[in-house]
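S.K.: Have a look at this one before I ask anything.
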Amino acid sequence: MNGINRGFVVWLTGLSGSGKTTIGRVLQQILRDKGYKVELLDGDEVRRNLSPELGFSKQDREIHAKRVVYISKLLARNGVIAIVSLISPYRAFRAYAREELKDFVEVYVRCSIDTCIKRDPKGLYRRALNGEITDMTGIQDPYEEPLNPEVVVDTDKQSVDECVNIILNALLRLGYISNGSTSNNDTLDKMVQEVNKS
């Protein structure tokens, strides 16, 4: 199938601070530059606009995530690539998302909790360690690592460019996107470099 009109979902899961949104933004720009219709559904942004009344209990997280699945399904059904950046810590829920969405590429953005705590871009880990937050994933609440994701990237060890390249190669291999007349890593590297210059 020609991927240019094919909607599907790239589901980036991982701890807060692992790099999901950063990777998602670069991936979005590259795919748009190649002519694909793409939307990035960032967990925090979607929560502010769609689920402002919800907290971070397991039940509230799942209600919010089901809303994200629903939007992703509508986008994919209409030929849009939905890139979802959502902690989505529970395996059972990710299995539900896979079943609902069908064309679903799970990307585990792996990063050690120590590195995430050092990065702490939103100050959430500091607040959790100080007892100001009581349901922080990776501190008080568990993060259940994916068992069989389509893609694993290690942001402890790999740059954003390397992570995006790995995801693009997987999408090529799985038949979700095409690479025109070329199909090598050099082409993907150039695409990533062009985005970084802009």
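The numbers here are math on the coordinates, done by the rules we state, and not lab data. Please read these numbers as outputs of a predicted model, since none were measured by experiment. Neighbour counts run over all protein chains shown; Cβ positions are idealised from the backbone, glycine included.
S.K.: Which one is surrounded by the most Cβ atoms within 10 Å (Cβ to Cβ) among residues in region 163-176 that are within 18 Å of SER85 (Cα to Cα) and out of contact with any Leu (no Cβ under 8 Å at 6 or more places or on another chain)?
M.R.: Among them, the one singled out is CYS163.
S.K.: Let me ask another. Given the conditions (1) without any contact (Cβ under 8 Å) to a residue 60 or more places away in the chain; (2) within 13 Å of the chain's Cα centre (by Cα), report the number of the one that ILE167 does not fulfil.
M.R.: (1)
S.K.: Taking only pairs six or more apart or across chains, which ones have beta-carbon atoms under 7 Å, a first residue in region 126-144 that is over 21 Å from VAL107 (Cβ atoms), and a second residue that is of a type in the set (Gly, Ala, Ser)?
M.R.: ASP135/SER57; MET136/ALA128; ILE139/ALA128; GLN140/ALA128
S.K.: Also, quick follow-up: Scanning for something in a loop (DSSP other than H, G, I, E, B) and over 13 Å from the mean Cα position of the chain (by Cα), does region 57-64 turn up at least one residue?
M.R.: Residues of region 57-64 in a loop (DSSP other than H, G, I, E, B): 57.
This time we only want the ones that are over 13 Å from the mean Cα position of the chain (by Cα), so: 57.
Within region 57-64, one or more residues are in a loop (DSSP other than H, G, I, E, B) and over 13 Å from the mean Cα position of the chain (by Cα).
S.K.: Just a yes or no: is a residue in region 65-78 farther than 21 Å from ARG173 by Cβ, without any contact (Cβ under 8 Å) to a residue 24 or more places away in the chain and β-branched (Val, Ile, Thr)?
M.R.: No, region 65-78 has no match at all.
S.K.: Let me ask something additional. Are any residues in region 94-114 under 16 Å from GLY17 (Cβ atoms), in contact (Cβ under 8 Å) with a residue 12 or more places away in the chain and surrounded by fewer than 17 Cβ atoms within 10 Å (Cβ to Cβ), and if so, which ones?
M.R.: If the condition is that a residue be under 16 Å from GLY17 (Cβ atoms), in contact (Cβ under 8 Å) with a residue 12 or more places away in the chain and surrounded by fewer than 17 Cβ atoms within 10 Å (Cβ to Cβ), then SER112, ILE113 are the ones that fit.
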